[in-house]
Amino acid sequence: MPNSSKRSAHGHGALAGLRVIDLSRVLAGPLCTQILSDHGAEVIKIEPPSGDETRTLGPPFNEEGDAAYFTAVNRGKRGMAMNLAHHEGRETLLHLLQDADVLVENFIPGTMQRWGLDFEDELKPRFPGLIYCSISGFGADGPLGGLPGYDAVLQAMCGIMSVNGDPSSGPTRMGIPIVDHLTGYSALTGILLALHHRDRTGCGQRVEATLFDTALSLLVPHAANWMYSDQVPGLLGSAHPNIAPYDKFQCQDGLVFLGILNDRQFAKFCTVMQLDELIDDPRFASNAARLQHRNELRSRIERVLSAWPRESVCSTLMRSGVPVGPVHTVLEAFSQPHAVHRGMQVKLEGYQGIGVPVRLSQTPGRPIGPPPRFGQHAREVLDEAGFDEGHINRLQETGVCP
């Protein structure tokens, strides 16, 4: 058995000194813990013996054979594998938790209880300061409690697809796993709130984030529109249910998105585009009126914009205070000079990824390294936890920590 515990020299930024045990896989949990790592937390990623599923979700793959998908949400972590269905695996995890501040898991509800690792009954009495974050599809109870959940399924179930797409395409999945993403951020927020509470009280607590709750929370303003009007929102393509003109438009050489929020911006747009006659037209004099006549307004705008090059439209209108932007590909988005200026593409040895979107003036976050190879840091982590070499060898040889 281990006889000592020592933390690795790790940490920069606002969360330096925080230790996180990450049992999560796929997207929401790993994204949450990657953000913690970017801001200085030491994250130990513990995968099942079969590995995180996203290691195989390619091509493309990196030089180590891991899918690009995996690299997107696992940088800066130390990695090992552990069979928590095995008694020695559970005992090893319990020892690692002695020196941990946060545990994040996204197993199907009931799994940790089945392993004797329930937070309320087992972990909280032993580790009263532990922040335990559980991420799941639907939570543990209720009509759907304990069922598995995936991003696109929740987009469908919770109405997101019903307001995404146009009548010709029908309800459409959003092109990014937005439910997973926001669930990761919700979990992150819950962890930070719980840490603040622990700073005041010394007590840890359970944090829960579910894809179901998150997906419903995304329905702004659609849910409020329905609640106050009894009208079920439908498909509007790229248009906005409450604002006009707020849509994509075809220019001479490509699409732009025009986002006019108020009457002042609309007047500026009309002046720059030489559509002054629209300013005093009662059909377009207010946002409410423009919504009632959005089709006529769209036709007038399209006729003008179709004669303009995309870049000229965007430059001219933006400099005049009218929000507009070109509809870029992913390549074009990251090639923008401003994306380069903001450092939103990170390149490290053997790794590249998206930059850190949150900026802190005193304790800036930064990626500290590539994602771990499968089981890469097992011996290192176990040695730091005080396990002797013979014990480590046995854990690896028996497949408890492959």
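The values are calculated or read from the model by the stated rules, or taken from the named source; none is laboratory data. Fair warning: this is a prediction, and the values are worked out from it, not measured in the lab. Positions of Cβ are backbone-derived with ideal geometry, glycine not excepted, and every protein chain shown enters the neighbour counts. Only protein heavy atoms, including side chains, enter the accessible area calculation; ligands, DNA and RNA are left aside. Shrake-Rupley method; radii C 1.70, N 1.55, O 1.52, S 1.80 Å.
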(Q) Restricting the calculation to Cα positions, tell me the Rg (one decimal) and the Dmax (whole number) of the stretch 239-299 in Å. (A) 11.0, 32
Q.
Need the C-alpha centroid separation for the stretch 144-218 versus the stretch 251-288, integer Å.
A. 35
Q) Can you give the accessible area of residue 271 in Å² (nearest 10), computed on protein heavy atoms with a 1.4 Å probe? A) 80
(Q) Would you calculate the convex hull of the Cα atoms in the stretch 218-338 and tell me its volume per residue in Å³? (A) 123
Q | Pairwise FRET efficiency - residue 335 versus residue 88, Cβ, R0 = 56 Å, nearest 0.05 | A | 0.65
Q | Using alpha-carbon coordinates, inclination of helix 310-319 to the longest axis of the chain, degrees | A | 90
Q) For the stretch 36-72, list residues with backbone N below 16 Å from a point placed 7 Å from the Cα of residue 360 toward its Cβ? A) 36-43
Q: Grab every C-alpha pair in the stretch 299-385, bin the distances at 5 angstrom width from 0 up to the longest one, and report whole percents.
A: 3, 10, 13, 15, 13, 11, 10, 8, 6, 4, 3, 3, 2, 1, 0
Q) Which label marks the calculated value of Cα Rg over 2.2 N^0.38 Å, given the options [x] 0.97; [y] 1.18; [z] 1.28? A) [y]
**Q.** All lysines inside 20 Å of residue 268 as judged from Cα atoms, apart from same-chain residues fewer than 8 positions distant
**A.** 248
(Q) Run the reach check for residue 77 against lysines, Cα to Cα strictly under 20 Å, same-chain hits fewer than 8 apart removed. What comes back? (A) 6, 45, 347
Q | Shape call, the stretch 1-126: gyration tensor on alpha carbons, a/c limit 1.5 | A | oblate
Q. Given R₀ = 60 Å, FRET efficiency for residue 168-residue 388 by Cβ-Cβ distance, to 0.05?
A. 0.35
Q. Computed over the Cα atoms of the stretch 79-171, what is the convex hull's projected area averaged over all directions, in nm²?
A. 8.4
Q. Stretched out fully, how many nm does the piece from residue 302 to residue 224 gain, at 0.36 nm a residue minus the Cα gap?
A. 25.0 nm
(Q) Around residue 326, under 13 Å between beta carbons, what's the net of Lys plus Arg minus Asp minus Glu among the other residues? (A) -1
Q. Semi-axes, largest first, in whole Å: what does sqrt of 5 times each Cα gyration tensor eigenvalue give for the stretch 278-346?
A. 32, 13, 12
